[in-house]
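Working notes, beginning with the structure itself.
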Amino acid sequence: MASPFEIQVTAIGGPEVLQSRSIEVPVPAPHQVVLVHTAIGVNFVDIYLRAGQAHSHNPQPPFVPGINAVGEIVALGSQVHELHLGQKVTYTNAGVGSYSTHVAVSAERLIPVPPDVDDVRVAAGLVRALTCQYLLKQMRQLEPGTRVLVHAAAGGVGQILVQWAKRLGLVVLATAGSETKVQTALALGADFAINYRSEDFVSEVKRITQGQGVSVVFDSVGKDTFDGSLKCLEPKGLVVNFGTASGQVEGFALQDLHSQSLWVCRPTLRTYIANRADMLAMSVEAFGILGDPTIRLDIDTLLPLSQASEAHRLLESRTTQGAIVLIPDALMNPQE
């Protein structure tokens, strides 16, 4: 068996601060299980924390990044009775870093993986599907025919968000950063797609909606799009800023919301899955999406865990289309 290791953020900084460190296979506490990872998700929050961008929690180096992974149970704590050895499970926001070959996790934070969803698809899509669940089902009542705007529609969350929104009968306007990504958004089912690098997306939204605007803007870009997102809203409309790929949204005057009674919120998945019952109920819907082969979920790149720094470089470049997944080196290169 290959030697266990983890990837640590050794200092706040660029991708180069991600360094490999050998570890011992953990021993589970009574309420924990030990997993050997098979696939590990890469998310923008990993970059935020590595770079020191203000977040709901900012661990101090050294720490292991990563919020989600899939693995097989190889050891059970003495008080764990509802799970079994060899079972495939996943987790997110479980209080442990996922950039590792092995991890001890509280059994309360584990989600059994249905047999019809493969590990890479779970690693790539679970956080995105759970995020889409609360965005579409828990932020505001969205009736068929409601107009929404999805930024970064060809990205990891955007792909699922567009497809799920169309299943709910919503009218989806989308933005993307290249003509190729615009075509991807249309292929996913978006009713309209705008290249925000070559077109003024606010003017285009107003033109498409005949000046009415949209009910909700789902904005994962942040600083570069937030002001424009507000201008795209209809009266009493809502901007949901759930990511900051271009940087944190800077201060704005509350009075800017006054004239049209606008709403703004900045939710995080961590809050919505803090309760185990809520997490499992949301997961049922998320796996319903991930287990559907007609739902497109692009996997841009598979990389060995030891190349986590390259995964961060790729994600920060914003040139990827779809998810990046890390695979433990022993599984990526089984002959070694």
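Tell me which residues, restricted to region 172-183, are at pLDDT 95 or above, outside any strand (DSSP E or B) and under 21 Å from the mean Cα position of the chain (by Cα).
Listed by number, the list holds a single entry, 182.
For the condition of a type in the set (Lys, Arg) and either surrounded by fewer than 21 Cβ atoms within 10 Å (Cβ to Cβ) or more than 15 Å from residue 285 (Cβ to Cβ) (or both), what is the one hit in 121, 128?
Working: 128 fails: either surrounded by fewer than 21 Cβ atoms within 10 Å (Cβ to Cβ) or more than 15 Å from residue 285 (Cβ to Cβ) (or both).
Matching residue, one of 121, 128: 121.
Taking residue 228, is it assigned by TED's automatic domain parsing to the domain that holds residue 174, in a helix (DSSP H, G or I) and touching a Phe, Trp or Tyr at 6+ places or on another chain (Cβ under 8 Å)?
yes
For region 85-130, what are the residues that are under 16 Å from the mean Cα position of the chain (by Cα) and not in a helix (DSSP H, G or I)?
90, 91, 92, 93, 94, 97, 98, 99
Can residue 246 be described as surrounded by 15 or more Cβ atoms within 10 Å (Cβ to Cβ) and in contact with a strand residue (DSSP E or B) (Cβ under 8 Å, 6 or more places away or on another chain)?
When the stated conditions are applied, residue 246 does not pass them.
Cβ-Cβ distance below 8 Å, separation of 6 or more or different chains: which pairs start in region 229-255 with a residue that is closer than 16 Å to residue 53 by Cβ and at pLDDT 90 or above and end on one that is of a type outside the set (D, E, K, R) and not in a loop (DSSP other than H, G, I, E, B)?
What qualifies is 241/226; 241/229; 241/264; 241/265; 242/131; 242/135; 242/157; 242/218.
Please go through region 29-84 and pick out each residue that is outside any loop (DSSP other than H, G, I, E, B), over 19 Å from the mean Cα position of the chain (by Cα) and touching a residue at least 40 places away in the same chain (Cβ under 8 Å).
The first filter runs over region 29-84 and keeps only residues outside any loop (DSSP other than H, G, I, E, B), leaving 32-41, 44-51, 63, 68-76.
Checking the rest, the ones that are also over 19 Å from the mean Cα position of the chain (by Cα) come to 32-36, 63, 72-76.
Correct list: 32, 33, 34, 35, 36, 63, 73, 74, 75, 76.
Would you point out the residue of region 184-195, among those that are crowded, with 24+ Cβ neighbours inside 10 Å and in contact (Cβ under 8 Å) with a residue 24 or more places away in the chain, that is farthest from the chain's Cα centre (by Cα)?
For region 184-195, the residue satisfying everything is 193.
For a quick check of your reading of the model, give me the residue pairs whose first member lies in region 269-298 and is assigned by TED's automatic domain parsing to the domain that holds residue 321, whose second is in a loop (DSSP other than H, G, I, E, B) and among the acidic types (Asp, Glu), with beta-carbon atoms closer than 7 Å and at least 6 apart or on different chains.
291/116
Specify which of the listed residues (225, 209) is surrounded by fewer than 24 Cβ atoms within 10 Å (Cβ to Cβ) and of a type in the set (Val, Ile, Thr).
The unique qualifying residue is 209.
For region 235-255, name all the residues that are outside any loop (DSSP other than H, G, I, E, B), farther than 14 Å from residue 218 by Cβ and touching a Ser or Thr at 6+ places or on another chain (Cβ under 8 Å).
Taking region 235-255 first, the residues outside any loop (DSSP other than H, G, I, E, B) are 235-241, 254-255.
Okay, now just the ones that are also farther than 14 Å from residue 218 by Cβ, so 235-236, 254-255.
Scanning region 235-255 gives 235, 236.
Go through (1) in a loop (DSSP other than H, G, I, E, B); (2) within 20 Å of the chain's Cα centre (by Cα) one by one and return the number of the condition residue 198 breaks.
Evaluating residue 198 over (1) in a loop (DSSP other than H, G, I, E, B); (2) within 20 Å of the chain's Cα centre (by Cα) leaves (2) as the failure.
Quick check on my filter: what residues within region 135-171 are over 25 Å from residue 319 (Cβ atoms) and assigned to a loop (DSSP other than H, G, I, E, B)?
138, 139, 140, 141, 142, 143, 144, 145, 146, 168, 169, 170
Okay, residues lined up against (1) touching a His at 6+ places or on another chain (Cβ under 9 Å); (2) at pLDDT 95 or above; (3) over 24 Å from residue 274 (Cα atoms):
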site: 19; (1), (2), (3): no, yes, yes
site: 29; (1), (2), (3): no, yes, no
site: 33; (1), (2), (3): no, yes, no
site: 37; (1), (2), (3): yes, yes, no
site: 55; (1), (2), (3): no, no, no
site: 59; (1), (2), (3): no, no, no
site: 69; (1), (2), (3): yes, yes, no
site: 73; (1), (2), (3): yes, yes, no
site: 83; (1), (2), (3): no, yes, no
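If you check 78, 22, 98, which single one turns out to be touching a Gly at 6+ places or on another chain (Cβ under 7 Å) and not hydrophobic (A, V, I, L, M, F, W, C)?
Just a single option satisfies the conditions, and that option is 98.
The values are calculated or read from the model by the stated rules, or taken from the named source; none is laboratory data. No experiment lies behind these values; they were computed from the predicted model shown. When we count neighbours, we look across all protein chains shown, and the Cβ atoms used for this are built from the backbone with ideal geometry, even at glycine.
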